[in-house]
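Structure record follows, encoded as structure tokens.
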Amino acid sequence: MPAGLKLRNPFAMECGVYKTTYEQDMALHPTPLSRLRLAAMLAVFVLFPLMADPYYVSVANLIAIAAIGAIGLNLLTGFTGQISIGHGAFIGVGAYTSGYLTSQLGVPFWVALPLAGIAAAVVGALFGLPSLRLKGLYLAMATLAAQVIIEFTMYHWTAVTGGSRGLLLTSPSLGGFVFNSEIRYYYLFLALTAAAFIFAQNLTRTRVGRAFMAIRDRDLAAEVTGIELFHYKIMAFAVSSFYAGVAGTLWGHYLTVISPEHFTISTSVEYLAMIIIGGLGNVTGSIFGAAFMTLIPILLRGLSKAMTGVFPNIETVINALREFTFGATIIIFLIFEPEGLAKMWKNIKDYFRLWPFSY
Amino acid sequence: MTPPAGQLVVEKLILHFGGLTALSGVNLEARPGEILAVIGPNGAGKTSLLNCISGLYHPNSGTITFGQKDITKMPAPTRARLGIARTFQNIELFRHMTVLENLMLGRHIHLKTGVLAGGLYWRWAQSEEVQHRRVVEEIIDFLEIERIRKKTVGTLAYGLQKRVELGRALALEPKLLLLDEPMAGMNTEEKEDMARFILDINEERGVTVILIEHDMGVVMDISDRVAVLDFGRKIAEGKPEEVKENPEVIKAYLGGKDLQLTVV
């Protein structure tokens with residue numbers, strides 16, 4: 001029995017955990033308890049659709065798609081510090097690429113998925129070119145231009161996009177197995193979101209991710225440590241847009257219909273809100289933010305339903321409150337917890353790290 | 001290490017900002033393995049000179065040669081790859097990252113992992129991280145910052161931040177190290193520590209050091225040679241004791257003709 005086990009406190013996370021190699025020290029889940037927590041969460045995610053109402057499973061599916069897109073935007077804005085208001089359009093590029101490839105050219109979903117990611121990455125990198133010269137708000141304006149141009153293309157390149165009528169997509173299938181129910185989509189999305197999550201977590205703790213953060217924190221110092229700013233900024237745009245493309249593809253094949261109004265500037269702003277509320281520069285936070293932003297309208301709707309008995313006109317009021325709530329939440333987070341839900345989650349974990357002897 | 005590796009030659013360097021002349025024809029040579037101090041009154045052009053050497057400013061004319069290479073037109077990251085590292089007068093660390101991450105960033109040019117390998121954390125991405133973590137831990141050991149290795153840099157005290165910044169420059173394994181006021185704002189004890197680190201880096205690793213410093217005591221103690229800038233010109237160069245006696249230098253610092261520069 002290793003010496004550590006005898007001293008281990010069953011509650012305190014790090015008590016009696018000795019790290020003897022750098023591999024152990026750098027592991028994502030270095031302690032037995034954090035591995036246990038991971039396993040428990042995985043079990044919950046796997047079992048959830050078997051017990052929940054299909055409606056809730058469909059909500060989870062929407063969250064999963066948004067999470068992939070939000071992780072992508074966070075890599076660009078939260079980690080590299082490049083503000084983008086074009087994310088919704090990059091998601092659209094993915095959706096339309098995959099829509100065109102599968103419905104017009106008969107390419108299978110599994111091939112179209114990475115291709116759509118790559119197409120979005122190329123377009124994203126292209127619109128990231130101004131980041132060489134522009135920073136902050138000016139770059140935001142340049143990405144806003146990307147949003148407008150891509151939206152215009154979606155409406156007017158009818159041969160490929162179907163114009164304002166949009167495109168009809170099919171559900172993905174594997175062999176004879178068709179992903180045509182909420183539960184089937186759920187497991188597909190769960191696997192892809194997990195992959196996207198792990199990839200981003202690994203990326204941000206290795207060379208490229210560190211270079212991203214260096215550019216965000218101090219671009220001058222990054223340059224003299226040998227980081228080619230332009231190269232890495234474009235790479236951040238490409239990786240971020242790849243995520244967007246994948247999210248768009250899933251969105252399209254899940255709803256089976258896409259049209260330009262899904263990928264407007266308000267989509268872009270919603271994604272920005274997700275990463276601000278979730279936590280800029282935090283991969284886990286992107287998922288929290290995606291969940292939060294997806295659940296808020298649902299909760300509001302639930303609230304208005306519950307109150308119509310007492311206040312018959314409450315529904316119109318609350319519908320009007322929707323946009324207001326988004327705005328208010330962002331402001332509240334910026335003032336009280338600028339590091340977002342991820343920081344709150346960390347605070348909870350830190351409390352239990354030393355619990356019950358936190359002195 | 002072969003002798004010319006850390007050699008830097010600056011010739012007739014001229015740098016204007018609009019109508020303002022920051023450097024007007026500066027010649028400077030840092031010999032391999034020496035500690036060269038650059039001193040001068042505020043606004044003399046010391047930091048501008050360092051910025052030209054590290055590639056943040058591009059001079060209007062003149063040449064900069066490092067080793068055998070003309071680096072005048074090279075972008076900053078390429079110069080870092082050749083082995084030029086620096087610290088800044090106002091600490092320029094990556095504030096939201098930990099000490100370990102900052103030092104690992106110092107090793108950026110020695111790492112190879114790309115997006116795919118990094119994202120998948122495939123076996124060799126991990127082994128590369130571990131291998132360079134070892135190097136970084138040696139620097140942490142050398143600078144005696146073991147206790148703060150996982151702290152976020154922005155939360156550290158000023159003196160420690162200066163030390164971490166030195167560590168980041170060191171992680172690059174430079175042949176030439178540019179230090180812009182490494183002791184500014186430090187107390188005597190911290191200054192002594194810093195001086196010891198600089199001497200050790202110079203002696204044990206054979207790194208050429210160019211040092212800007214206002215503390216004359218430190219400059220006279222640790223540097224092999226001293227160059228004095230005033231209004232963008234080099235007015236004196238030589239051994240510390242020679243420079244100390246130079247009337248031009250005394251004039252530049254004190255403005256008078258007959259005054260003596262007193263060094264404590």
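Some points to look at:
- B:His110 paired with A:Lys343, simple spin-label distance in nm, labels 7 Å along Cα-to-beta-carbon: 3.5 nm
- Largest to smallest principal axis extent of the C-alpha atoms in the stretch A:77-137, angstrom: 42, 18, 15
- Given R0 = 60 Å, the distance between the Cβ atoms of B:Glu242 and B:Ser127 translates into a calculated FRET efficiency of 0.70.
- Geometric extent, Cα atoms of chain B - Rg, Dmax (angstrom): 19.2, 70
- Averaged over the residues of B:94-101, the number of partner chain Cβ atoms lying within 10 Å of the residue Cβ comes to 4.
- Only Cα pairs under 8 Å and 6+ residues apart enter the sum, and on that basis the relative contact order of chain A stands at 28 percent.
- 37 Å tail of the calculated P(r), the protein assembly as shown, as % of Cα pairs: 46 percent
- Long-range amide H partners of B:Asn27 with built H, under 5 Å: B:Lys12, B:Leu13, B:Lys234
- Segment A:Leu36-A:Thr325, length gained on full extension (0.36 nm per residue, minus Cα span): 100.4 nm
- Counting DSSP beta bridges with both ends in chain B, the antiparallel % (nearest 5): 55 percent
- Think of the protein assembly as shown as having a plus end and a minus end, set by charges on the Cβ of Lys, Arg, Asp and Glu; of B:Gly67, A:Gly176, A:Gly252, A:Gly176 sits farthest toward the positive end of this dipole.
- Take each residue in B:104-112, count the other chain C-beta atoms within 10 Å of its C-beta, and the mean is 5.
- Heavy-atom surface analysis with a 1.4 Å probe gives chain B a carbon and sulfur content of 50 percent of its accessible area.
- Cross-link partners for B:Lys69 among the lysines, with Cα-Cα distance under 19 Å and sequence neighbours closer than 8 places in the same chain left out: B:Lys12, B:Lys175.
- The distance between label points at A:Thr316 and A:Met141 comes to 4.0 nm (points 7 Å beyond Cα on the Cα→Cβ vector).
- Using alpha carbons only, the radius of gyration of the stretch B:87-167 set against its Kirkwood radius gives Rg/Rh = 1.00.
- Other-chain or far-sequence residues with amide H under 5 Å of B:Ile145's (modelled H): none
- Excluding ligands, DNA and RNA and using a 1.4 Å probe, chains A and B jointly bury around 3300 Å² of accessible surface, summed across both partners.
- Other protein chain C-beta atoms within 10 Å of residue C-beta, averaged over B:116-126: 5.
- Net length gained if the chain between A:Val178 and A:Phe152 were fully extended (0.36 nm per residue, minus Cα distance): 6.0 nm
- Average accessible surface area per residue within the protein assembly as shown, 1.4 Å rolling probe, Å²: 46 Å²
- Loop sites in the stretch B:171-264: trypsin sites (Lys or Arg not before Pro), DSSP, at most 11 other Cβ within 10 Å: B:Lys257
- Note that the stretch A:325-340 has calculated 3J(HN,Hα) couplings of 4, 3, x, 4, 4, 4, 5, 4, 5, 4, 7, 9, 9, x, 8, x Hz, one per residue in order, obtained from phi through the Karplus relation 6.51 cos²θ - 1.76 cosθ + 1.60 (θ = phi - 60°); glycine and proline are x.
- Converting phi to 3J(HN,Hα) with the Karplus coefficients 6.51, -1.76 and 1.60 and the offset θ = phi - 60°, the stretch A:170-185 yields 10, 6, x, 9, 10, x, x, 8, 9, 7, 10, 10, 4, 5, 5, 4 Hz in sequence order, with x at every glycine or proline.
- Counting 0.36 nm for each residue step from B:Phe231 to B:Leu20 and taking away their Cα separation leaves a gain of 74.9 nm.
- Residue (of A:Thr225, A:Leu272, B:Val99) at the positive-pole extreme of the protein assembly as shown, dipole from beta-carbon charges: A:Leu272
- Residues of type aspartates and glutamates that B:Lys239 reaches as a straight line, Cα spacing below 17 Å, ignoring anything fewer than 8 places off in the same chain: B:Glu29, B:Glu34, B:Glu213, B:Asp215, B:Asp221, B:Asp224, B:Glu248
- Dipole size of the stretch B:96-170 about its Cα centre, with +1 on Lys/Arg Cβ and -1 on Asp/Glu Cβ: approximately 120 debye, rounded to the nearest 20.
- Note on A:Lys343: lysines with a C-alpha under 21 Å away, same-chain residues under 8 apart excluded, are B:Lys150, B:Lys151.
- The stretch A:38-170: Rg to Rh, with Rh as the Kirkwood radius over Cα pairs: 1.04
- Packing, as the average of other Cβ atoms within 10 Å across residues, places the peptides A:117-126, A:234-243, A:29-38, B:126-135 in the order A:234-243, A:117-126, B:126-135, A:29-38, highest first.
- Here, the stretch A:20-108 yields an orientationally averaged convex hull projection of 9.9 nm² when only Cα atoms define the hull.
- Convex hull volume of the Cα atoms of chain A, normalised per residue: 191 Å³.
- Per-residue [θ]222 nm for chain A (sum of -39500 (n - 2.57) over DSSP H runs n ≥ 4, rounded to 500): -23500 deg cm²/dmol
- Each label point was placed 7 Å from the Cα along the Cα-to-Cβ direction; for A:Thr308 and A:Val160 their separation is 4.4 nm.
- Compactness of the stretch B:110-264 as Cα Rg over 2.2 N^0.38 Å, two decimals: 1.34
- Evaluated with a Cβ-only charge set (Lys, Arg +1; Asp, Glu -1), the protein assembly as shown carries a dipole of roughly 1380 debye about its Cα centre, given to the nearest 20.
- Amide H to amide H distances under 5 Å link A:Val257 with A:Leu169, where only residues 5 or more positions off or on other chains count and H is placed in the peptide plane.
- The stretch A:204-299 - percent of accessible surface contributed by carbon and sulfur, probe 1.4 Å: 68 percent
- Rolled with a 1.4 Å probe across the full set of protein chains, the surface gives A:Ile332 an accessible area near 90 Å².
- FRET efficiency for A:Gln201 and B:Leu254, using Cβ-Cβ distance with R0 set to 41 Å, rounded to 0.05: 0.10
- About its Cα centre, the dipole of chain B is roughly 1060 debye, where the only charges are +1 on Lys and Arg Cβ and -1 on Asp and Glu Cβ.
- Prolate/oblate/rounded label for the stretch A:234-359 (Cα gyration tensor, a/c 1.5): oblate
The values are calculated or read from the model by the stated rules, or taken from the named source; none is laboratory data. The structure presented is a predicted model; accordingly, all values stated were derived computationally and were not measured. Neighbour counts are summed over all protein chains in view; Cβ atoms, including those assigned to glycine, are modelled from backbone coordinates with ideal geometry. These area figures cover heavy atoms from the full protein model, side chains too; ligands, DNA and RNA do not enter into them. Shrake-Rupley method; radii C 1.70, N 1.55, O 1.52, S 1.80 Å.
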